[in-house]
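Peer 1: Okay, here's the structure, questions in a sec.
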Amino acid sequence: MNVSYEWLRAFVPFDLSAAELRDLLTAHTATVEELVALREDLAPIVVARVVEEAAHPDSDHLHVTKVDAGTGTLLDVVCGAANVTAGKLYPFALTGTVLPGGLKIQKRKIRGAVSDGMLCSARELALGQEHEGIMELVDIDVPPGTPLLRALPLGDMRLVVDVLANRPDLLSHLGVAREVAAITKRPFALPAIDSLAAAAVPSPVANQSGGRAASIDVRIDEPGLVNRFMGVVIRGVTVGPSPEWLVNRLAAVGSRSINNVVDASNYILHELGQPTHAFDLAKLGGSSVVVRRAKAGEKITTLDGTERALNAEMIVIADATRPQAVAGVMGGQDSEVTASTADIFLEVANFNPARIRGARRALGMSSDATYRFERGVDLEIAPRALERLAQLIVLIAGGRIDGAPVDLAYERPTPPAIALRASRVAKLLGQSVSVDDIAALLGSVGFDVDRTTGDLLVTVPTWRGDVTTEVNLIEEIARLRGYDSFPIELRPFRPGAVGDDPQWITSKRVREALVGAGLLEARAMPFVSGGEGFVRLTNPMSENEAFLRKEVLDTLARRAEYNLARMEGNVRLFEIGSVFSPRAGALPHEQLRVAALVMGRRQPAHFTDPKTPEFESWVRYGSWDAKALAELIAGAAYPAQSIALRDSDQPNVLWDVRVDDVVIGTVTRVALDAPVWAAPAFGVELSLGDLDSSPVAPQGRAAHRPFARGVTAVSRYQTLPSTPASEFDLALLVPDAVRGEQVESLIRRVSGKLLERVELFDQYTGRGVEAGHRSLAWRLTFRHPERTLRDRELDARRGDILRALDDELNVRQRTN
């Protein structure tokens with residue numbers, strides 16, 4: 001939604017700058033995504049002082065001046081204006097500046113005198129039509145060289161507001177102004193337009209299905225086609241250019257001027273949020289306006305010049321013979337208001353959002369009207385919009401209002417009344433809010449608060465269809481009061497007794513572990529190019545990604561390729577998200593997974609790193625790093641289960657990740673579309689359970705105990721050790737048939753409670769290692785909580801470990 005700063009000030013007399021207004025709206029109402037200065041073409045123009053002025057020696061109308069433009073040097077400038085005076089300030093364009101009209105200022109000689117820059121008139125700056133003299137800057141006191149936009153409040157500012165679907169009331173200056181008035185505690189009213197009320201509009205004649213507006217018969221073919229339909233006839237208009245103020249208002253919100261009648265309609269759209277339309281009365285056949293369903297095979301050429309085929313689900317506004325507009329979408333070219341139009345029929349209506357959305361999608365078109373109707377337009381704004389539009393047209397285009405407007409199909413809705421408890425407000429917000437404050441806050445944005453009963457009874461205004469429950473009202477109180485006004489300290493209570501979802505707890509634990517390991521989280525959309533065996537979207541955002549993914553690593557691989565295409569080969573990404581598989585006759589099967597992709601260096605390069613190929617090779621991610629990453633993820637996700645990695649028989653899979661001997665994920669080498677310099681990429685993907693049923697193992701395996709939800713890791717407090725640690729290394733010859741985890745498990749079992757850490761730090765095969773074996777080296781750290789361990793105690797433990805390894809696993813100490 002484009003909002004004009006000056007237009008808002010016409011509603012509410014606030015004294016905030018555009019930046020302050022942006023911050024206020026973002027904090028209380030809706031995010032202002034951008035602040036656009038509409039006269040950026042004046043950015044190069046500066047304020048300059050004429051220091052000296054004299055007549056040109058070879059001309060009777062030119063002046064030779066010396067100008068201080070803040071450059072540190074006086075500039076020679078030739079000026080043809082009669083009002084140039086030494087000592088005064090004027091707008092100045094330095095050499096090289098491009099003026100709003102496209103003229104580029106160049107240094108040149110004029111009748112033998114050098115002119116280095118240009119003193120500007122209002123017309124040359126597109127600030128008015130005056131061009132006989134240069135634009136004198138009065139009542140300002142700024143040093144030469146100050147940008148003109150900083151010295152004078154020229155032009156408007158556009159606020160680009162991100163209006164969410166639940167707040168269609170903010171799709172108008174009226175709605176935004178209501179919010180500004182509430183949070184600034186200022187009054188607000190519709191902007192006054194001189195002589196607007198001179199054209200009186202008679203009271204509408206209400207009926208259900210039909211009526212007359214002057215000589216026009218207006219009817220609705222069947223109930224339910226429209227929520228409200230109003231119309232009025234204006235005769236004797238003169239279609240032509242709009243006044244400058246109206247052109248500027250529309251330009252401020254990004255709308256171009258067409259003619260005074262159409263511009264008035266667009267003005268009401270942006271001011272009140274009510275779409276309207278004007279028909280050329282002479283082009284309506286049969287002196288009738290009918291709201292009906294489109295007939296099979298009917299076509300209409302819309303205002304954009306495109307012929308469109310209609311279907312029976314669409315509503316049209318027709319005359320006696322053919323459709324003249326697609327209701328709520330766009331008018332037809334056959335009844336367009338042009339320079340020859342003399343009499344018009346104004347239509348102001350309210351349509352069902354679902355019907356408008358269906359028509360818009362079927363026709364493949366969108367407009368300002370559909371954008372508002374799809375989200376919901378206030379049913380009560382129609383009379384005000386019709387009256388103000390009719391008066392505005394008469395004011396700027398002439399003519400007279402012919403008879404009373406017609407008002408059809410309108411049934412006044414009963415506004416919902418919601419009970420609001422002050423105790424509940426305090427409970428949810430964590431701080432009590434007085435009844436007086438509650439009433440004042442809600443009343444400031446149009447809610448009616450009845451305080452005669454024990455609880456407050458709040459009547460919701462017609463433009464706030466999103467407020468339906470007590471908690472919605474409490475949210476209104478919080479945002480209007482200001483979220484920053486609430487205390488930030490933790491309180492010893494929570495608003496509800498429902499515990500966090502176990503899967504959310506598991507995801508949080510996994511996320512913290514991966515962030516702690518130096519990985520970055522990706523938040524990507526789950527769409528892929530897909531194909532056979534994938535779930536296809538009915539309405540994809542793009543045909544290039546029209547399917548739901550089956551693996552999270554698919555998404556991370558595309559992110560890695562994006563980085564590689566930009567010469568970034570060090571990638572450490574993870575994502576926790578859903579994957580999908582098709583199910584016949586039902587919604588897709590959805591499963592929550594975590595995936596990580598790593599490649600390149602384990603950590604950012606540092607200037608102290610050795611610059612050798614061996615070092616670069618050592619610090620790069622390898623398959624063992626991916627294996628360790630899988631153990632880290634599995635340990636965080638399933639802290640109470642037995643975790644093991646086993647060689648996999650699946651193609652391109654390095655290891656299967658097992659929890660209590662059930663496969664829950666894999667470690668793979670990821671194939672990428674990568675340049676030759678890229679390091680190999682490794683991926684880990686694990687299941688965190690299904691999202692639409694009790695958790696099961698991936699790939700069709702049966703549900704198993706490790707995936708029971710609600711597993712929670714418990715952290716216990718331990719004092720920091722005060723005694724020194726003792727370490728020794730074990731280099732072992734391990735048969736190829738023995739897994740490293742078997743060796744580590746036996747070491748832990750034999751070492752006892754004093755073992756603090758076991759770290760595998762080296763693997764070697766080659767010279768000095770007998771065939772069928774590999775050399776693995778572990779570092780063992782022991783610590784006694786009360787005293788320093790003696791050497792003989794460590795020797796005894798070393799001996800126990802080596803004997804157990806030899807007896808149980810045929811693992812011997814390496815001696816060479």
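Peer 1: Test of the criteria: in the stretch 561-666, which trypsin sites (Lys or Arg not before Pro) are in a DSSP loop and have at most 12 other Cβ atoms within 10 angstrom of their Cβ?
Peer 2: Hits after loop and neighbour filter: ARG566, ARG583, LYS611.
Peer 1: Still on this structure: Under the rule of at least 5 residues apart or a separate chain, name every residue whose amide H is placed under 5 Å from the amide H of LEU688.
Peer 2: LEU592, ARG593, VAL594
Peer 1: Calculate the dipole size of the chain relative to its Cα centre from +1 charges on Lys and Arg beta carbons and -1 charges on Asp and Glu beta carbons; express the result in debye to the nearest 20.
Peer 2: That gives the chain a dipole magnitude of about 1720 debye.
Peer 1: At most 15 other Cβ atoms within 10 Å and a DSSP loop assignment: could you name the GluC sites (Glu not before Pro) in the stretch 556-594 that fit?
Peer 2: GLU568
Peer 1: Skip the ligands, DNA and RNA, and give the accessible area per residue of the chain with a 1.4 Å probe, whole Å².
Peer 2: 50 Å²
Peer 1: So which trypsin sites (Lys or Arg not before Pro) in the stretch 184-231 pass both tests, a DSSP loop state and at most 14 other Cβ atoms within 10 Å of the Cβ?
Peer 2: Here the trypsin sites (Lys or Arg not before Pro) that fit, given the DSSP loop and packing criteria, are LYS185.
Peer 1: Just want the answer: with Cβ charges of +1 for Lys and Arg and -1 for Asp and Glu, which residue in ASN207, SER423, ALA390 is farthest toward the dipole's positive end in the chain?
Peer 2: SER423
Peer 1: Among residues other than ALA777 whose Cβ falls under 11 Å from its Cβ, what is the net charge (Lys/Arg +1, Asp/Glu -1)?
Peer 2: Taking every other residue near ALA777 into account, the sum is 0.
Peer 1: What does the helix-only formula give at 222 nm for the chain: each DSSP H stretch with n ≥ 4 adding -39500 (n - 2.57), the total divided by the residues, and the result rounded to the nearest 500 deg cm²/dmol?
Peer 2: -7500 deg cm²/dmol
Peer 1: Working from Cα positions, state the angle (0 to 90°, nearest 10) between the long axis of helix 791-809 and the longest principal axis of the chain.
Peer 2: The helix 791-809 is inclined about 90 degrees to the chain.
Peer 1: Along the charge dipole of the chain, pointing to its positive end and built from +1/-1 on Cβ of Lys, Arg, Asp and Glu, which listed residue (TYR267, ALA674, LEU776) has its Cα farthest out?
Peer 2: The residue sitting farthest along the positive end of the dipole is LEU776.
Peer 1: Residues with amide H under 5 Å of HIS589's amide H, sequence separation 5 or more or different chain, H placed in the peptide plane at 1.01 Å from N; which?
Peer 2: Amide H to amide H, under 5 Å and 5 or more residues apart or across chains, HIS589 pairs with SER581, ARG583.
Peer 1: Another one. Size of the dipole of the stretch 309-438 about the Cα centre, Lys and Arg at +1 and Asp and Glu at -1 on the beta carbon, nothing else charged, in debye to 20?
Peer 2: In total the dipole reaches around 680 debye.
Peer 1: May I ask for the net charge around ALA339, where only other residues with Cβ less than 15 Å from the Cβ of ALA339 are counted and Lys, Arg are +1 while Asp, Glu are -1?
Peer 2: Taking every Cβ under 15 Å from that of ALA339, the sum is -3.
Peer 1: Where does the longest stretch of the chain lie that holds no chymotrypsin sites (Phe, Trp or Tyr not before Pro) found in a DSSP loop with 15 or fewer other Cβ atoms within 10 Å?
Peer 2: 1-492
Peer 1: Further question on the same structure: Whole-Hz ³J(HN,Hα) for each residue in the stretch 90-107, computed from phi via Karplus 6.51 cos²θ - 1.76 cosθ + 1.60 with θ = phi - 60°, x for glycine and proline: what do you get?
Peer 2: The phi angles translate into 9, x, 9, 10, 5, 4, x, 6, 9, 6, x, x, x, 6, 9, 7, 10, 6 Hz.
Peer 1: Here's another thing I want to ask about it. What's the local net charge at ASP280, with K and R +1, D and E -1, over the other residues with C-beta under 13 Å away?
Peer 2: Local net charge: -3.
Peer 1: Please report how far the C-alpha centroid of the stretch 120-178 lies from that of the stretch 61-78, rounded to the nearest whole angstrom.
Peer 2: What the calculation gives is 28 Å, centre to centre.
Peer 1: I would also like to ask the following. Please give the helix 502-516 orientation as an angle from the longest Cα principal axis of the chain, in degrees from 0 to 90, rounded to the nearest 10.
Peer 2: So the inclination is approximately 80 degrees.
Peer 1: So, one more: State the answer as a single residue: which of GLY240, ALA309, ALA252 lies farthest towards the positive end of the charge dipole of the stretch 207-366, with beta carbon charges of +1 for Lys and Arg and -1 for Asp and Glu, about the Cα centre.
Peer 2: Comparing the listed Cα positions along the dipole, ALA309 ranks first.
Peer 1: A follow-up question, please. Accessible area of the stretch 101-224 with a 1.4 Å probe: how many percent of it is carbon plus sulfur?
Peer 2: With neighbouring chains kept in place, the figure for the stretch 101-224 is 51 percent.
Peer 1: Something else: Express as a percent, rounded to the nearest 5, the fraction of DSSP beta bridges in the chain (both residues included) that run antiparallel.
Peer 2: In the chain, DSSP labels about 95 percent of beta bridges as antiparallel.
Peer 1: If amide H atoms are built 1.01 Å from N in the plane of the peptide, which residues on other chains or at least 5 residues away come under 5 Å of the amide H of GLU756?
Peer 2: Residues meeting the criterion, in which the H sits 1.01 Å from N, are THR781, PHE782, ARG783.
Peer 1: Once phi is turned into ³J(HN,Hα) by the Karplus curve 6.51 cos²θ - 1.76 cosθ + 1.60 with θ = phi - 60°, what whole-Hz value does each residue of the stretch 34-45 show in order, with x for glycine and proline?
Peer 2: 7, 10, 10, 7, 7, 10, 5, 5, 9, 4, x, 6
Peer 1: Quick check: the distance between the Cα centres of the stretch 179-229 and the stretch 27-41, to the nearest angstrom?
Peer 2: Centre-to-centre (Cα) distance: 31 Å.
Peer 1: How big is the dipole moment of the stretch 490-575 about its Cα centre under a simple scheme where the beta carbon of each Lys and Arg is +1, that of each Asp and Glu is -1, and everything else is neutral? Debye, nearest 20, please.
Peer 2: 380 debye
Peer 1: What is the distance, in nm, between label points placed 7 Å from the Cα along the Cα-to-Cβ direction at ASN544 and at GLU808?
Peer 2: Result for the modelled spin labels: 5.6 nm.
Peer 1: Taking θ as phi - 60°, what are the ³J(HN,Hα) couplings along the stretch 662-677 by the Karplus curve (6.51, -1.76, 1.60), each to the nearest whole Hz, with x for Gly and Pro?
Peer 2: Taking θ as phi minus 60°, the curve returns 10, 6, 10, x, 9, 10, 10, 9, 8, 7, 10, 7, 10, x, 5, 7 Hz for the stretch 662-677.
The values are calculated or read from the model by the stated rules, or taken from the named source; none is laboratory data. As the structure is a prediction and not an experimental result, all values here were calculated from the model. A quick note on method: Cβ atoms are made from the backbone with ideal geometry, for glycine too, and the neighbour counts reach across all protein chains shown. Protein only, heavy atoms only, side chains kept; ligands, DNA and RNA dropped before computing areas. Shrake-Rupley method; radii C 1.70, N 1.55, O 1.52, S 1.80 Å.
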